[in-house]
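The values are calculated or read from the model by the stated rules, or taken from the named source; none is laboratory data. Treat the numbers as computed from the prediction; the structure is a model and nothing was measured. A quick note on method: Cβ atoms are made from the backbone with ideal geometry, for glycine too, and the neighbour counts reach across all protein chains shown. Each accessible area value is taken on the protein alone, full model and side chains, heavy atoms only, with ligands, DNA and RNA left out. Shrake-Rupley method; radii C 1.70, N 1.55, O 1.52, S 1.80 Å.
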Amino acid sequence: MKRKQRQALLRWAVRSGCPLTYRRCMAVAAVGRGASCHAVARAMECATSAVVSAVRRYQEGERQALRDRRESNGRRKVDNRFRERLVRVLEGTPEDWGWCRPTWTRELLCQELARRGLVRVSVATMGRTLASLGARLKAAKPIVECPWPGWRRRRRLHELKWLEVYGPSREPVLHVDEVDIPSPSQGGT
């Protein structure tokens, strides 16, 4: 390959705006300068087969064959409708939608959106979509709520306070929070 051809190929690659196309053109230009495919692959830190494939594509279809072919893969899975539904789902908890867990996972979001009739996406795609929406990972906050109705809880607290103030002086009043009680596996009784 002549020097002017290599320069024209690299100028075209820059104008294409696609980094993969540019890398393929660089590989072809380097091989066209006389370097071996193995040496070019080592210099570009890629597989030798990628360089061989780029050279073969160039030989079969000139520079147009070096373009990224994914642009004709069809419509994208994650569109505005998908994002809107995802935002709506994220406004609630999994329990609101019938799942038996308090926090969302990427896998669970994939299943929920598929259950709603949207296209099934991979966990990695869901992660990228969440990041594009500005969602971020946060640790779940452990919250223990009293299962009793408010009147019952207030009555029980009143009884405990009454025992503390008016109970027998010889008997201490102890309060134990069930969250702090160690389980038998942790050495508790």
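Within the range 4-17, being under 32 Å from the mean Cα position of the chain (by Cα), among the hydrophobic types (A, V, I, L, M, F, W, C) and either surrounded by fewer than 17 Cβ atoms within 10 Å (Cβ to Cβ) or at pLDDT 80 or above (or both) holds for one residue alone: Val14.
Quick check, is Arg88 open to solvent by 50 Å² or more (accessible area, probe 1.4 Å), among the basic types (Lys, Arg) and over 22 Å from Thr129 (Cα atoms)? It is false that Arg88 is open to solvent by 50 Å² or more (accessible area, probe 1.4 Å), among the basic types (Lys, Arg) and over 22 Å from Thr129 (Cα atoms).
Within the range 39-66, the residues that satisfy the criterion of being hydrophobic (A, V, I, L, M, F, W, C), closer than 18 Å to Met1 by Cβ and surrounded by fewer than 18 Cβ atoms within 10 Å (Cβ to Cβ) are Ala39, Ala43, Met44, Val52, Ala65. Comparison of Arg81, Arg75 shows that the only residue that is within 30 Å of Val119 (Cα to Cα), open to solvent by 40 Å² or more (accessible area, probe 1.4 Å) and part of a loop (DSSP other than H, G, I, E, B) is Arg75.
For the range 4-21, how many residues are free of Cβ contacts under 8 Å to residues at least 12 places away in the same chain and assigned to a helix (DSSP H, G or I)? Adding up the residues that qualify gives 7.
For (1) modelled with pLDDT under 85; (2) assigned to a helix (DSSP H, G or I); (3) open to solvent by less than 100 Å² (accessible area, probe 1.4 Å), each residue gets a yes or a no:
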position	(1), (2), (3)
Leu118	no, no, yes
Lys138	yes, no, no
Pro142	yes, no, no
Arg155	no, yes, no
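Looking at the range 101-114 only, could you name the residues that are surrounded by 12 or more Cβ atoms within 10 Å (Cβ to Cβ) and either in contact with a Gly (Cβ under 8 Å, 6 or more places away or on another chain) or free of Cβ contacts under 8 Å to residues at least 24 places away in the same chain (or both)? Selection gives Trp104, Thr105, Arg106, Leu108, Leu109, Cys110, Gln111, Glu112, Ala114.
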